[in-house]
Amino acid sequence: EVQLVESGGGLIQPGGSLRLSCAASGFTVSSDNMNWVRQAPGKALEWLSVIYSGGSTYYADSVRSRFTISRDNSKNTLYLQMNSLRDDDTAVYYCAKDGEKGGFFQHWGQGTLVTVSS
Amino acid sequence: DIVMTQSPDSLAVSLGDRATINCKSSQTIFYSSINKDCLAWYQQKPGQPPRLLIYWASTRESGVPDRFSGSGSGTDFTLTISSLQAEDVAVYYCQQHYTTRTFGQGTKVEIK
């Protein structure tokens, strides 16, 4: 059974950095495309980043140059390094696994809340 | 970047009636090499992560009730709930994966 468990969220001051983790089980993160999606309070889903099985990475304009997606194959874990955090980065952050042969999200974690505030 | 626009932003439907949600992409999301539209639909209830309902525009995910159906091609797509049930109250999102990924702004479905 595929499981995704995010961690690393919390309260951080503007300008600070945080690294989110997504521990995967039931599959190998290096063999699938993995994504980060966030949802600000009361707002819509926002796709942030993807790391393809081959290692290529892509980002939404809103986080490019500030956020970095990566994975540790030995730990079967996905990461999101977030730098220069702003108030509008406050959101629940989800990791999500692409579906079979397509960029739709069949599996989601429960999310981790990041609050950026002074 | 491809922009996804849903309509309406919200709708109220009587139990047992049909609910229709539209989604329009700013450019075609039809992938000709595989003859498929790169469009998915999700349902999200409060406090929960989204749940995949439909992928490739019209393929129902395993376990999704058959009252949910997806249609459309190219740039215009529709999610239909044929007979609204109380448990269908949620926010629904469309998402394209033709180039990276983008979500629509969501449509809130309520009971009239």
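Read-outs: derived from the displayed coordinates by stated rules, not from any lab. Here the structure is a predicted model, which means the values were calculated and not measured. Virtual Cβ from ideal backbone geometry, glycine too; neighbours counted across all protein chains shown.
Given a 10 angstrom Cα cut-off, can you work out which residue in A:Tyr58, A:Tyr93, A:Tyr79 is the most mobile in a GNM of chain A?
Answer for the Gaussian network model of chain A: A:Tyr58.
Would you work out the relative contact order for chain B, in percent, from Cα pairs under 8 angstrom that are 6 or more residues apart?
RCO, chain B: 38 percent.
Exposure proxy check: B:Phe103, A:Phe104, A:Phe27 ranked by fewest other beta carbons within 10 Å?
Ranking B:Phe103, A:Phe104, A:Phe27 by Cβ neighbours within 10 Å, fewest first, gives A:Phe27, B:Phe103, A:Phe104.
Quick check on the exposure proxy: order B:Val89, A:Val37 from fewest to most C-beta atoms within 10 angstrom.
B:Val89, A:Val37
Counting only other chains, and only Cβ atoms inside 10 Å, what mean value do you get across the residues of B:89-101?
Rounded to a whole number, the mean comes out at 4.
Please give the residues of segment B:24-45, grouped as numeric ranges, whose backbone N is less than 18 Å from a label point set 7 Å along the Cα-to-Cβ vector of B:Thr59.
B:29-43
Please give me the summed charge of the neighbours of B:Pro65: other residues whose Cβ is under 10 Å from its Cβ, Lys and Arg +1, Asp and Glu -1.
Net local charge, B:Pro65 excluded: -1.
Cross-link list A:Lys43/B:Lys36; A:Lys75/A:Lys101; A:Lys101/B:Lys45; A:Lys43/B:Lys108: which exceed 19 angstrom alpha carbon to alpha carbon?
Where the Cα-Cα span goes over 19 Å, the pairs concerned are A:Lys43/B:Lys36; A:Lys75/A:Lys101; A:Lys101/B:Lys45.
Quick check: net charge around B:Ile2, other residues with Cβ under 13 Å of its Cβ, Lys/Arg +1 and Asp/Glu -1?
-1
Residues with beta-carbon under 13 Å from that of B:Thr102, excluding B:Thr102: net charge, scoring Lys, Arg +1 and Asp, Glu -1?
-1
At 7 Å along Cα-to-Cβ for each site, give me the label-to-label distance between A:Gln81 and B:Ser7 in nm.
Here the modelled spin labels are 4.4 nm apart.
Enumerate the calculated ³J(HN,Hα) couplings along segment A:40-51 in order (Karplus 6.51 cos²θ - 1.76 cosθ + 1.60, θ = phi - 60°), each rounded to whole Hz, writing x wherever the residue is Gly or Pro.
Taking θ as phi minus 60°, the curve returns 5, x, x, 10, 7, 5, 10, 6, 10, 6, 9, 10 Hz for segment A:40-51.
For segment A:4-89, go through all pairs of different Cα atoms, get the mean of 1/r, take its inverse, and jot down that Kirkwood value in Å.
Computed over Cα pairs of segment A:4-89, the Kirkwood hydrodynamic radius comes out at 13.5 Å.
Determine the equivalent ellipsoid of the protein assembly as shown by diagonalising the alpha-carbon gyration tensor, then write out the semi-axes as square roots of 5 times the eigenvalues, largest first, rounded to whole Å.
29, 20, 17
List the Cys residues of the protein assembly as shown that have no partner Cys with a C-beta closer than 4.7 Å.
Among the cysteines of the protein assembly as shown, those whose Cβ sits 4.7 Å or more from every other are B:Cys38.
Among A:Gly16, A:Gly103, A:Gly42, which one moves the most in a GNM of chain A with springs linking Cα atoms closer than 10 Å?
Among A:Gly16, A:Gly103, A:Gly42, the largest GNM mean-square fluctuation belongs to A:Gly42.
Rounded to the nearest 20 Debye, what is the dipole magnitude of chain A about its Cα centre when Lys and Arg each give +1 and Asp and Glu each give -1 at the C-beta?
The dipole of chain A has a size of about 180 debye.
Can you tell me which of A:Asp98, A:Asp88, A:Asp32 moves the most in a GNM of chain A? Springs connect C-alpha atoms under 10 Å apart.
The residue with the greatest mean-square fluctuation here is A:Asp88.
If you put +1 on each Lys and Arg Cβ and -1 on each Asp and Glu Cβ, how big is the dipole of segment B:1-96 around its Cα centre, in Debye rounded to 20?
Charge dipole of segment B:1-96: 100 debye, to the nearest 20.
Tell me, what does the Kirkwood hydrodynamic radius of chain B come to in angstroms if you use every pair of distinct C-alpha atoms?
Every distinct Cα pair counted, the radius reaches 13.9 Å.
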